[in-house]
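Report on one structure; see the data block that follows.
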Ligand SMILES: NC(=O)c1ccc[n+]([C@@H]2O[C@H](COP(=O)([O-])OP(=O)(O)OC[C@H]3O[C@@H](n4cnc5c(N)ncnc54)[C@H](OP(=O)(O)O)[C@@H]3O)[C@@H](O)[C@H]2O)c1
């Protein structure tokens, strides 16, 4: 199959592309670095010719609701329009467990993306996953203050990004299913504990300090709204444990 990957150079996008290559599929990357800006549509014309499916794992780093909504809806609509022009038969989007229960600006953007997807004309599959184990590393880098990293208090059931990538590819090569069962890792944990373990394994000297995010979003992050059994349907549970992942 020929599969276009929006965000093919990102954290999960690279793993999606690797998984597709390993299964002998052809990959068409859609990123600004490879000449396609999905906000403006520049470079998109013709890129989807002969493509069977699109996997959308594009991302923006923002907590501002308006920015996130604009980004995720514009890029989704541009993809869906280009798919209609080129008769692409399947669009697969990655989203996040619990986004309807945690009112963070970024999550509101992801919700708007889901709505744009279901309002479009493409046949689609949607996978909601929990935070990646790799999110702990991202959190360590996100808020650095001299000798400390501030990591939000957050109860999650993280999953390996490689298992998310495998699930997305599995969906793309089959018939569209609409919303697929959510995907989570094998056990719930505090993100701060995971960040401390990652920090130790990677030899990072900065101290990991937990912070409580303010307001309703912060409370929901702490109270388990991001766990699959609360924030979603019964979930598929990945097999890679945090110990396996840290060893890798
Ligand atoms: N992190 C988590 O724990 C987690 C959990 C569940 C789901 N997710 C979802 O997973 C998805 C991927 O996240 P990630 O952390 O893997 O992303 P990432 O590493 O930040 O990568 C983002 C990708 O999007 C591309 N991109 C950004 N703006 C673009 C534009 N205007 N046009 C075309 N391409 C653009 C980037 O390439 P260029 O810069 O070259 O354009 C890059 O390839 C997101 O939708 C996120 O919500 C994340």
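The values are calculated or read from the model by the stated rules, or taken from the named source; none is laboratory data. Computed from a prediction, not measured in an experiment: that's the story for all the values here. With ideal geometry, Cβ positions are generated from the backbone for all residues, glycine too; neighbour counts draw on all protein chains shown.
Points worth noting:
- Set side by side, the residues 126, 150 differ, and just one is within 13 Å of the ligand (Cβ to nearest atom) and either under 22 Å from residue 29 (Cβ atoms) or touching a residue at least 40 places away in the same chain (Cβ under 8 Å) (or both), which is 126.
- Residues of the stretch 42-62 that are part of a loop (DSSP other than H, G, I, E, B), crowded, with 16+ Cβ neighbours inside 10 Å and in contact (Cβ under 8 Å) with a residue 40 or more places away in the chain: 47, 48, 51, 52, 57, 58, 59.
- Of the criteria (1) in a helix (DSSP H, G or I); (2) in contact with a strand residue (DSSP E or B) (Cβ under 6 Å, 6 or more places away or on another chain); (3) free of Cβ contacts under 8 Å to residues at least 60 places away in the same chain, which one residue 33 fails: (2)
- From the options 176, 181, residue that is in contact (Cβ under 8 Å) with a residue 40 or more places away in the chain, in contact with a strand residue (DSSP E or B) (Cβ under 6 Å, 6 or more places away or on another chain) and within 18 Å of residue 131 (Cα to Cα): 181
- Qualifying residue in the stretch 80-96 (condition: in a helix (DSSP H, G or I) and within 13 Å of the ligand (Cβ to nearest atom)): yes
- Selection of the stretch 176-205 for residues being assigned to a loop (DSSP other than H, G, I, E, B) and surrounded by 14 or more Cβ atoms within 10 Å (Cβ to Cβ) yields 176, 177, 180, 181, 182, 185, 186, 188, 204.
- Residue 145 satisfies every condition listed in (1) more than 17 Å from residue 16 (Cβ to Cβ); (2) under 18 Å from the mean Cα position of the chain (by Cα) except (2).
- None of 48, 30 is out of contact with any helix residue (DSSP H, G or I) (no Cβ under 7 Å at 6 or more places or on another chain) and over 15 Å from residue 123 (Cα atoms) except 30.
- Count of residues meeting criterion [more than 6 Å from the ligand (Cβ to nearest atom), under 20 Å from residue 88 (Cα atoms) and in contact (Cβ under 8 Å) with a residue 12 or more places away in the chain] in the stretch 9-22: 3
- Number of positions in the stretch 30-62 that are more than 8 Å from the ligand (Cβ to nearest atom) and under 28 Å from residue 160 (Cα atoms): 6
- Any chance residue 17 is modelled with pLDDT of 95 or more and farther than 20 Å from residue 168 by Cβ: no
- When residue 229 is tested against the conditions (1) surrounded by 14 or more Cβ atoms within 10 Å (Cβ to Cβ); (2) without any contact (Cβ under 8 Å) to a residue 12 or more places away in the chain; (3) closer than 15 Å to residue 150 by Cβ, the lone failure is (3).
- Every residue from the stretch 63-79 that is in a loop (DSSP other than H, G, I, E, B) and at pLDDT 95 or above: 64
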